[in-house]
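Colleague: Structure in C-alpha cells, see below.
The values are calculated or read from the model by the stated rules, or taken from the named source; none is laboratory data. Just so we're clear, the structure is a prediction, and the values are computed from it rather than from any experiment. Backbone-built Cβ (ideal geometry, glycine too); neighbour counts: all protein chains shown.
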C-alpha cells in the first residue's frame, strides 16, 4: 500500500510498507530536487548506517507501473536529506535544501542542548526551593526564640503574681 506524504516541485512523494516498516522511494525525491539518483544510491549503499536502512521494494512509479524501487526507511529519510549538498541540487531547489539543512541542525542543537537547559532550569528550581526551606527554618528558629522569651516572661509574671510579699518599688 502506498501513501502520498508530500509533493515537492510537483513530484508526488509516497511511502510504501514492507514488513510493518514504512519506506520512501528515493528516486522521486532526487528528481524533485534535481540530484542524480544513482549518485545518491551509491552514497547510501557506501554508508554503513544508511546501507542498513535501505531496501528494494515493489512500488507503483509515476507512470502507474509497478517497479522495483530503491527505498529508505521513512524514519531515516530526514537524516539522508540533511546530507545532501545544496550546491549539487537544481538551482530552484537550493534554497529549500539549505533551509532544510539549517532546520535539521537547529533541531539537533535544541535536542542536545535542551537537556542541558532543562537540567539548569531544574537545578535553579531546586535551589529556589532549598532557599525557601532555609528561610522557613530560620523563621522557625526566630519564632522558637520569641516563644521561649515570652514563656520566660509569662513564668516570671505568674511567679510575681503568686508571690505574697509586697513590693515597694
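Colleague: Looking at the range 79-109, which of its residues are in contact with a helix residue (DSSP H, G or I) (Cβ under 7 Å, 6 or more places away or on another chain), assigned to a helix (DSSP H, G or I) and touching a residue at least 12 places away in the same chain (Cβ under 8 Å)?
Modeller: 80, 81, 82, 86, 93, 97, 98, 100, 101, 104
Colleague: Just wondering, is there one or more residues in the range 1-8 that are loosely packed, with under 15 Cβ neighbours inside 10 Å, within 23 Å of residue 105 (Cβ to Cβ), modelled with pLDDT of 90 or more and not assigned by TED's automatic domain parsing to the domain that holds residue 107?
Modeller: No, the range 1-8 contains no residue that is loosely packed, with under 15 Cβ neighbours inside 10 Å, within 23 Å of residue 105 (Cβ to Cβ), modelled with pLDDT of 90 or more and not assigned by TED's automatic domain parsing to the domain that holds residue 107.
For (1) in contact with a strand residue (DSSP E or B) (Cβ under 8 Å, 6 or more places away or on another chain); (2) surrounded by 10 or more Cβ atoms within 10 Å (Cβ to Cβ); (3) over 20 Å from residue 39 (Cα atoms), each residue gets a yes or a no:
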residue	(1), (2), (3)
70	yes, yes, no
94	no, yes, no
118	no, yes, yes
160	no, yes, yes
165	no, no, yes
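Colleague: From 76, 63, 47, which residue is loosely packed, with under 11 Cβ neighbours inside 10 Å and within 30 Å of residue 23 (Cα to Cα)?
Modeller: 63
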